[in-house]
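Student: Provided herewith is a single structure, encoded as C-alpha cells, for subsequent inquiry.
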Amino acid sequence: MWLAAALLALLLWGAWGVALKYASVGVTWYQLYFYSNLAILAVMLVMLAVFRGSLAVSRVNVGYAFAAGLMGTLGYIFLVIAVQHGRVSIVVPMTAMYPAVTVILSVLLLGENITLRHALGIALALVSVLLLSL
C-alpha cells in the first residue's frame with residue numbers, strides 16, 4: 001500500500017509542477033495561489049464530511065498543525081512566485097531539497113542522529129540540484 005501511495009504522490013507532484021507553470025501564465029502569484037487552493041478547500045470539505053466528528057485533538061497538536069500549515073502555505077506562496085519568474089525544471093527540484101532542511105532541524109531541535117550514509121545522500125542531492133540548474 002505504501003509503495004503505491006508513494007508512486008502516486010511522485011507522479012502527481014511531478015505533473016503538479018508543470019501544471020503550476022502553465023497556470024502561472026498571465027496571472028499574478030496571488031491569483032494563482034487563490035485558485036489552486038480552491039482544490040484544497042474542496043478536498044477538505046469532502047474530508048470533513050467523511051471523517052465527521054474525528055477532528056478533536058489537543059491544543060498543542062492544533063498549535064503545531066497550525067504552525068506547519070502556516071509554514072507550508074508561506075512556502076507554497078514563495079514557490080508560486082519562483083515558478084512564475086523562473087524555470088520550473090530548476091525551481092521544483094531546488095525546492096524539493098526541503099528534506100535536507102528537515103534533517104538538519106531534526107538533528108538540532110529533536111536530537112536525532114544522522115549517519116554518514118544520510119549525510120552522503122544529502123550531499124548527493126545537493127549536487128543533483130546543482131547539476132539540474134546549470
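Student: Looking only at segment 1-15, how many residues end up being part of a loop (DSSP other than H, G, I, E, B) and modelled with pLDDT of 90 or more?
Tutor: 0
Student: Only helices (runs of 4 or more DSSP H) wholly contained in segment 16-97 count here; list those with 2 or more residues that are farther than 22 Å from VAL129 by Cα, without any contact (Cβ under 8 Å) to a residue 24 or more places away in the chain and not small (Gly, Ala, Ser).
Tutor: 29-50, 59-85
Student: Next question, about the same structure. Looking at segment 13-31, which of its residues are within 15 Å of GLY86 (Cα to Cα) and of a type in the set (A, V, I, L, M)?
Tutor: Hits for segment 13-31 are VAL18, ALA19, LEU20, ALA23, VAL25, VAL27.
Student: Considering only segment 102-113, state which residues are at pLDDT 90 or above and either assigned by TED's automatic domain parsing to the domain that holds TYR22 or of a type in the set (Val, Ile, Thr) (or both).
Tutor: Once the filter is applied, which keeps residues that are at pLDDT 90 or above and either assigned by TED's automatic domain parsing to the domain that holds TYR22 or of a type in the set (Val, Ile, Thr) (or both), segment 102-113 yields only VAL107.
Student: Just to check your reading of the model, which residue among PHE51, PHE34 is under 17 Å from the mean Cα position of the chain (by Cα) and surrounded by fewer than 13 Cβ atoms within 10 Å (Cβ to Cβ)?
Tutor: Result: PHE34 is the single residue among PHE51, PHE34 that is under 17 Å from the mean Cα position of the chain (by Cα) and surrounded by fewer than 13 Cβ atoms within 10 Å (Cβ to Cβ).
The values are calculated or read from the model by the stated rules, or taken from the named source; none is laboratory data. What you see is a predicted model, and the numbers here were worked out from it, not measured in a lab. We place every Cβ from the backbone using ideal geometry, glycine too, and count neighbours over all the protein chains shown.
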